[in-house]
Amino acid sequence: MSRTALKEMTQTRRPKFGHYVGEFATPGIGHILASADCDFVFFDMEHSGFSIETLKSAVRYFEAAGVAMIVRAPCKDYDMIARICDAGAQGVMAPMIKDAAEAAMVVQHMKYPPLGKRGVALGIAHDNFLTSGAVKERLEHANARTTFFALIETREGAENADAIAATPGVDCLWVGHFDLSASLGVAGQFEHPDYLAALQKIIEAAKTHGLSLGRLVSSPAEGLADIQKGFDFCCFATDSSLYQRALIAGISELRSAANAK
């Protein structure tokens, strides 16, 4: 089990640190993140091509290592959101949330009645194949455990950030900075006034409604700057970029030294 449940993490503003996995879903990956003292993993099914079968295995890797798991879904459809929950993921991140209605729809997909409309399946991966206990209590436990990260990454989403944050069942606002900048017509220009204004709307919405706030960062300096702005979920780097940077640095150093002789 996770050292700290994901839902509990969203209920404090202390910084939480994690890492993005979109390439290396290997059996050791959970313990590698645990050895780095990661609080959570951002497991990406949108841009990775990971299947539900891959997810089911990865859930166990991270569960065994005590690392809480946020899964970015490739879409907002019921069948995908519900299956991610059934596979045992604590957290679901739904992409391109544009307004409160979409946020509420995802909550409905994630939660069992009376909070939502998720189809009931017990004694499977999400409840560790337990076969005992009152059904009502088991559904309540599942509802309490599932945690919703609303990914805001469009102009419309930023404009509606306050309403999204006010939606019951939303636990965290997550900024998709590349998509947001592209949606604003200033792709990759993170100091542009339009991007900064949209970002501030999201930050203020999270603060007003007492929600967690998260983002993927590429460096410790970027993460620390975010924490000063009010972010508390800091996802440091993608797995492929870290591996690539380390490999480039090492090979370059070796090649330069060898060529100098």
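Every number in this text was worked out from the coordinates using simple rules, so none of it is lab data. These figures come from a predicted structure and were not determined experimentally. Note that each Cβ is placed from the backbone with ideal geometry, even for glycine, and that neighbours are counted across all protein chains shown.
Odds and ends about this structure:
- Using just its DSSP H runs of length 4 or more, each adding -39500 (n - 2.57), the chain gives a mean residue ellipticity at 222 nm of -13500 deg cm²/dmol after division by all residues.
- Under 13 Å from the His209 label point (7 Å along Cα→beta-carbon), backbone N, segment 136-163: 148-152, 157-163
- Set Lys16/Lys98; Lys56/Lys76; Lys7/Lys98 screened for pairs whose C-alpha atoms are more than 21 Å apart: Lys16/Lys98; Lys7/Lys98
- Difference of contour (0.36 nm per residue) and Cα-Cα distance, Cys75 to Glu191: 38.9 nm
- Point-to-point label distance, Val120-Ala221, nm (Cα→Cβ direction, 7 Å offset): 5.6
- Under 12 Å, Cβ to Cβ, from Leu173 - net charge with Lys/Arg +1 and Asp/Glu -1: -2
- The calculated FRET efficiency for Gln11 paired with Leu254, based on their beta-carbon distance and R0 = 51 Å, is about 0.60.
- Three-way shape label, the chain, alpha-carbon gyration tensor, a/c 1.5: oblate
- 3J(HN,Hα) along segment 35-52, derived from phi through the Karplus expression 6.51 cos²θ - 1.76 cosθ + 1.60 where θ = phi - 60°, amounts to 5, 8, 6, 6, 7, 8, 10, 9, 9, 9, 9, 7, 10, 9, x, 4, 8, 4 Hz, with x in place of Gly and Pro.
- Segment 184-261 versus segment 49-89: alpha-carbon centroid distance in Å: 24
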